[in-house]
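The values are calculated or read from the model by the stated rules, or taken from the named source; none is laboratory data. All figures in this text were calculated on a predicted structure; none of them were measured in a lab. Neighbour counts are summed over all protein chains in view; Cβ atoms, including those assigned to glycine, are modelled from backbone coordinates with ideal geometry.
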Amino acid sequence: MSPEQAAGTAPARFEPPVGVEGAAFWEATRERRLLVQWCTSCDRGVFYPRVFCPHCAAGADALEWRTASGRATVYAAVVEHRPEAAGANFSGGKPYCVALVDLEEGVRMLTNVVGCPPDDVRSGMPVTVAWELLSDGRQLPLFEPGQMAS
Amino acid sequence: MTGMDRSLRGAAAIVGVADDVSPTGELDRFGRELEVAMVLDALADAGLSLSDVDGVCHPESAVAFAEYLGVHPTFVESTMTGGSSYEVHVEHAAAAIAAGVCDVVVSVYAATPRSDRTQGRRREWRRPTGPNPMAEWDMPYGLRTPMGPYALAAARHMHEFGTTSEQLAQIAVSTRQWAALNPRARYRDLIDIDDVLASPLQVSPLHLLDCCLVTDGAGAFVMTSAERARTLAKPPVFVLGAATCTDHMVIGQMPDLTTTPGAVSGPRAFEMAGIEPGDVDVLMGYDSFTITALLHLEDLGFCKKGEGGPFVADGHLGPGGSLPMNTNGGGLSFTHPGMYGMFLITEAARQLRGEGGARQVAGANVAVAHGSGMFLSVMSTAVLGTEATL
């Protein structure tokens, strides 16, 4: 436990730093918009954000931000049974689900699936983005079971 | 393979090995003292001395370590690929020796995470400065490292192929059978599948006994040209083939969680060596977790993709089995200080020299040291053989 955690002043989560490439992504989360970097040269999504396209090597001019649908499918999911060993204090000490999800736009990201017992999350399960407020007004994208209508 | 001119087959050999572990999991030396002891022991094993060394491998800084040793090498190698670093060092040292860059190369490892904790020693750890992909995109979600990414791979393998926790557990059971034959192993009491399944879940589906140990450990190896190797103290362990591949760093970038870059490094190393999976007498396959070893079996071609579960359940891997795997007791039961790849090499060399004692695989001529680094990120395969294989 860090001194900040012991004093109760630590945020509930590790709050992600903002890289140059990810700045637009994190700004949009303040409005609960999930952005995906898109390469207009090869018409593919790029994640994590970069200054060039790793699929076709197009430069930054070819990259734009698109708003994702928020719909995704679980690729793989696990349950952390010892949150204290993971240094995580966002689950109230209870087991939580960590998953890789495939966004409809074709990119894969790590997340937590919330809103159901963690053991119920399965590969292939449809999920939808949900948001958790961070201390600086950014929102962290999480996912929950079920899919909203298109 | 792009042509015979790339082949390193038989050009270089491992001629000295040393390692230090303890059944207590703790060593009474650490840091440079331990590293230097390993280098000197490995050189003595070869019948060489420090003045012969003109190549130094160290995964933090070969330059700083060479200075400490007081040698002036013409080959310095600081590649750090996590647990597979030492297989990469074998590959690169063989290439450097074959190219005439240097003649005698040492590679060394020492880490004492267990006694650092009990002795209250602070380990130097430099946090990455500034944003990095893992901090920005992974760390908020509490995926515990190192086991979290491996658990994701296991979960996906189970989903795609029906692999079971019982099958993964069999790997820990078979490995413990080997450890029981090794007086230096951390854990030697036999276990069964129920013991593994009854051990506490860590990151599901991995139980505690699906996970490697945390122990102190150290080792070193010495390599030289095939020609010089034949003049030294011990039977040479020739490098027959070596190859490395990486396809991601963080787990979300791994193209397919059920196929590691070992599916590239393995076949390339086997092709260079001119062997098939059936020619392997001893497989030292990095077992950071049971799933890691299972993926190696598929990616190296010992069974088809997806059939690792039934393959291990048939008991091929233990003493007397058709594919002796991790004969020292592995990272699961022998030792695992963090970058375990060094011990794949020291054990493979001992098996090929016939120094395996109670765990010796009779007539072992071909051994494979297959290292896995980071989060299934960097696979490096070294095919090693006795004089009879040339």
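Details
- Residue in the stretch B:170-202 that is nearest to B:Met325 (Cα to Cα), counting only those that are within 14 Å of another protein chain (Cβ to nearest Cβ) and not aliphatic (A, V, I, L, M): B:Ser199
- Output for the stretch B:203-217, where each listed residue is part of a loop (DSSP other than H, G, I, E, B), within 14 Å of chain A (Cβ to nearest Cβ) and under 30 Å from B:Glu355 (Cβ atoms): B:Val214
- In the stretch A:21-32, residue farthest from the chain's Cα centre (by Cα) [restricted to those that are assigned to a loop (DSSP other than H, G, I, E, B) and buried (at least 17 other Cβ atoms within 10 Å of the Cβ)]: A:Glu21
- The set of residues from the stretch A:111-131 being surrounded by fewer than 22 Cβ atoms within 10 Å (Cβ to Cβ) and over 12 Å from A:Arg71 (Cα atoms) comprises A:Val114, A:Gly115, A:Cys116, A:Pro117, A:Pro118, A:Asp119, A:Asp120, A:Arg122, A:Ser123, A:Gly124, A:Trp131.
- Test: residue in the stretch B:193-207 that is of a type in the set (Ser, Thr, Tyr), closer than 30 Å to B:Arg9 by Cα and surrounded by fewer than 24 Cβ atoms within 10 Å (Cβ to Cβ): no
- Set B:Val63, B:Val88, B:Val39, B:Val17: member being more than 27 Å from B:Ser265 (Cα to Cα) and either part of a loop (DSSP other than H, G, I, E, B) or touching a residue at least 60 places away in the same chain (Cβ under 8 Å) (or both): B:Val39
Results for (1) at negative phi; (2) not β-branched (Val, Ile, Thr), shown as yes or no for each residue.
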{"site": "B:Gly142", "(1), (2)": "no, yes"}
{"site": "B:Pro146", "(1), (2)": "yes, yes"}
{"site": "B:Leu152", "(1), (2)": "yes, yes"}
{"site": "B:Phe161", "(1), (2)": "yes, yes"}
{"site": "B:Ala185", "(1), (2)": "yes, yes"}
{"site": "B:Leu190", "(1), (2)": "yes, yes"}
{"site": "B:Val196", "(1), (2)": "yes, no"}
{"site": "B:Ser199", "(1), (2)": "yes, yes"}
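- Restricting the stretch B:257-300 to residues that are in contact with a Phe, Trp or Tyr (Cβ under 7 Å, 6 or more places away or on another chain) and β-branched (Val, Ile, Thr), the residue that is farthest from B:Ser377 (Cα to Cα) is B:Ile291.
- Considering the stretch A:56-113, and only residues there that are out of contact with any strand residue (DSSP E or B) (no Cβ under 9 Å at 6 or more places or on another chain) and under 25 Å from A:Cys39 (Cα atoms), the residue that is farthest from the other protein chains (Cβ to nearest Cβ) turns out to be A:Asp61.
- Selection within the stretch A:26-55 - away from every other protein chain (no Cβ under 12 Å), closer than 21 Å to A:Val101 by Cα and without any contact (Cβ under 8 Å) to a residue 12 or more places away in the chain: A:Asp43
- Count - residues of the stretch A:33-63 that are of a type in the set (Val, Ile, Thr) and either assigned to a loop (DSSP other than H, G, I, E, B) or surrounded by fewer than 19 Cβ atoms within 10 Å (Cβ to Cβ) (or both): 2
Here is a yes/no grid of residues against (1) crowded, with 24+ Cβ neighbours inside 10 Å; (2) closer than 26 Å to B:Phe30 by Cβ:
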| site | (1), (2) |
| --- | --- |
| B:Phe334 | yes, yes |
| B:Gly354 | no, no |
| B:Ala358 | no, no |
| B:Val383 | yes, no |
| B:Thr386 | no, no |
| B:Thr389 | no, no |
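- Among the residues of the stretch B:218-264, the ones that are part of a loop (DSSP other than H, G, I, E, B) and more than 16 Å from B:His296 (Cβ to Cβ) come to 11 in all.
- Residue that is more than 14 Å from every other protein chain (Cβ to nearest Cβ), modelled with pLDDT of 95 or more and over 24 Å from the mean Cα position of the chain (by Cα), where the choices are B:Glu160, B:Glu166: B:Glu166
- Members of the stretch B:257-308 that are charged (D, E, K, R), under 20 Å from A:Ser123 (Cβ atoms) and out of contact with any Gly (no Cβ under 8 Å at 6 or more places or on another chain): B:Lys305, B:Glu307
- Filtered by the rule that a residue be of a type outside the set (Phe, Trp, Tyr) and assigned to a loop (DSSP other than H, G, I, E, B), the stretch B:265-291 gives B:Gly274, B:Ile275, B:Glu276, B:Val280, B:Asp281, B:Asp287, B:Ser288.
- Residue match in the stretch B:179-188 (condition: assigned to a helix (DSSP H, G or I) and in contact with a strand residue (DSSP E or B) (Cβ under 9 Å, 6 or more places away or on another chain)): no
- The residue of the stretch B:143-157 that is farthest from the chain's Cα centre (by Cα), among those that are surrounded by fewer than 24 Cβ atoms within 10 Å (Cβ to Cβ) and at the interface with chain A (Cβ under 7 Å from one of its Cβ atoms), is B:Arg156.
- Qualifying positions in the stretch A:102-144 - over 25 Å from B:Thr258 (Cα atoms), polar (S, T, N, Q) and touching a helix residue (DSSP H, G or I) at 6+ places or on another chain (Cβ under 8 Å): A:Gln139
- Only listed residue being among the β-branched types (Val, Ile, Thr) and either more than 19 Å from B:Asp138 (Cβ to Cβ) or touching a Gly at 6+ places or on another chain (Cβ under 9 Å) (or both), chosen from A:Val46, A:Val79, A:Val51: A:Val51
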